Amino acid sequence: MTELFARRLILGYCVGGAASAVLLASASQSQAATTTFKASLDGKDEVPPNNTSGTASVTVTYDPDTRKINWQGTYSGLTGPVTAGHIHGPADPGKNAPPVIWLTPKGNSKPNFSSPFHGSAELTADQATDLLAGKYYVNLHTKANPAGEIRGQLKQS
């Protein structure tokens with residue numbers, strides 16, 4: 001009888017340990033990988049298009065576990081200093097939408113926004129859905145082009 005009890009006890013520890021290992025493995029596998037988006041900004045993608053020689057490149061990474069985005073970018077050739085920079089949406093290419101994320105300090109018409117630039121923000125669930133659906137674009141504004149000098153749609157890379 002004692003031997004039977006000891007076998008059951010050992011079997012119980014083995015099954016319990018295996019179940020714990022499976023739970024731990026599945027918990028660590030549930031962490032989703034970050035998604036990277038890229039945008040190439042120019043004047044022809046503005047709405048309406050303009051003839052600027054300015055360009056920019058922006059990379060955004062999105063972490064679905066925290067709904068946090070991080071961005072980094074560079075720009076050159078603009079008609080003047082950047083007066084505002086945003087991520088806009090939701091909008092398809094060729095359509096305009098309001099800003100959802102400020103890349104420059106909000107409300108500062110003369111931000112010290114130099115190239116390269118970087119930052120981060122936390123998205124709402126709806127914003128994350130729009131980002132993943134390709135509905136966000138990056139726009140840099142200048143005094144000569146207050147509605148936007150260069151623009152580019154964020155696309156998964």
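Mind checking which residues of the stretch 100-149 are closer than 16 Å to GLU46 by Cβ and crowded, with 16+ Cβ neighbours inside 10 Å?
Correct list: TYR136, TYR137, VAL138, ASN139, LEU140, HIS141, THR142, ASN145, GLY148, GLU149.
If I ask for residues that are modelled with pLDDT of 50 or more and farther than 30 Å from LYS135 by Cβ, which ones from the stretch 19-60 would you list?
If the condition is that a residue be modelled with pLDDT of 50 or more and farther than 30 Å from LYS135 by Cβ, then no residue fits.
Would you pick out the residues in the stretch 50-87 that are of a type in the set (Val, Ile, Thr), under 17 Å from the mean Cα position of the chain (by Cα) and over 18 Å from PRO99 (Cα atoms)?
Across the stretch 50-87, the qualifying residues are THR61, THR66, THR74.
Can you pull out every residue in the stretch 88-118 that is farther than 20 Å from GLY54 by Cβ and under 19 Å from the mean Cα position of the chain (by Cα)?
Scanning the stretch 88-118 gives GLY89, PRO90, ALA91, ASP92, ALA97, PRO98, VAL100, ILE101, PRO105, LYS106.
Kindly provide the set of residues from the stretch 133-157 that are in contact (Cβ under 8 Å) with a residue 60 or more places away in the chain, part of a loop (DSSP other than H, G, I, E, B), aliphatic (A, V, I, L, M) and farther than 11 Å from ALA84 by Cα, ordered by number.
ALA144, LEU154, listed by residue number.
Just the residues that are at pLDDT 95 or above and over 11 Å from VAL138 (Cα atoms), please, taken from the stretch 99-117.
Those that are at pLDDT 95 or above and over 11 Å from VAL138 (Cα atoms): SER115, PRO116, PHE117.
For LYS110, which of the numbered conditions (1) without any contact (Cβ under 8 Å) to a residue 40 or more places away in the chain; (2) in contact with a Phe, Trp or Tyr (Cβ under 9 Å, 6 or more places away or on another chain) fails to hold?
Result: LYS110 passes all but (2).
The values are calculated or read from the model by the stated rules, or taken from the named source; none is laboratory data. In this text the structure is predicted, and so the values were computed from the model without any measurement. In this analysis, Cβ positions are derived from the backbone assuming ideal geometry, glycine residues included, and neighbour counts consider all displayed protein chains.
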